[in-house]
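Student: Have a look at the structure that comes next, please.
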Amino acid sequence: MQSAYGGWILRTSGPQSNPDSCADGTMIILPPDHTQYKELFAVLLAARTAGETISIYVNGCHAAGYKVMSFIAVL
């Protein structure tokens, strides 16, 4: 995870899709204006600490070319 644009950028592992053909299809951003920003960030940190696998669902592209996080699921 990397802090940028007021939010967090994530590099993922495993299979990825780029449904919106974003310029940087390998990175995902959790933007600070997401309605559930605090909740999603807390789940990301908890899953990372616990070593859990998560699925990230994206919708749209950020101005910097990253895929935009929509919601997540802990597997």
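Student: If you take the beta carbon distance between residue 18 and residue 73 as r and set R0 to 25 Å, what does 1/(1 + (r/R0)^6) give as a FRET efficiency, to the nearest 0.05?
Tutor: On the way: r = 19 Å, r/R0 = 0.75.
Efficiency at R0 = 25 Å is approximately 0.85.
Student: List the residues whose amide H sits under 5 Å from the amide H of residue 66, counting only those 5 or more places along or on another chain, with H placed 1.01 Å from N in the peptide plane.
Tutor: Correct list: 24.
Student: Using Cα extents along the principal axes in Å as the read-out, say which of (i) 32, 26, 19; (ii) 34, 32, 19; (iii) 35, 24, 19 was calculated from these coordinates.
Tutor: Step by step, Cα extents along the principal axes in Å for this structure corresponds to label (i).
Student: When the Karplus curve 6.51 cos²θ - 1.76 cosθ + 1.60 is applied with θ = phi - 60°, which whole-Hz ³J(HN,Hα) does each residue of region 57-63 get, with x for Gly and Pro?
Tutor: These are the phi-based 3J(HN,Hα) values: 9, 10, 8, x, 10, 6, 4 Hz.
Student: At 7 Å along the Cα-to-beta-carbon direction for both residue 38 and residue 59, put a label point, then send me their distance in nm to one decimal.
Tutor: Each label point is offset 7 Å from its Cα along the Cβ direction, giving 2.2 nm.
Student: Still on this structure, I have one more. With θ set to phi - 60°, apply the Karplus curve 6.51 cos²θ - 1.76 cosθ + 1.60 along region 33-47 and write out the HN-Hα couplings as whole Hz, x wherever there is a Gly or Pro.
Tutor: Result, ordered by residue: 8, 4, 4, 10, 3, 5, 5, 5, 5, 5, 5, 4, 5, 5, 5 Hz.
Values in this text are rule-based calculations from the coordinates and carry no lab data. Values in this document were obtained by computation on a predicted structure and should not be read as measured data. Cβ coordinates were reconstructed from backbone atoms using ideal geometry, including for glycine residues, and neighbour counts include every protein chain displayed.
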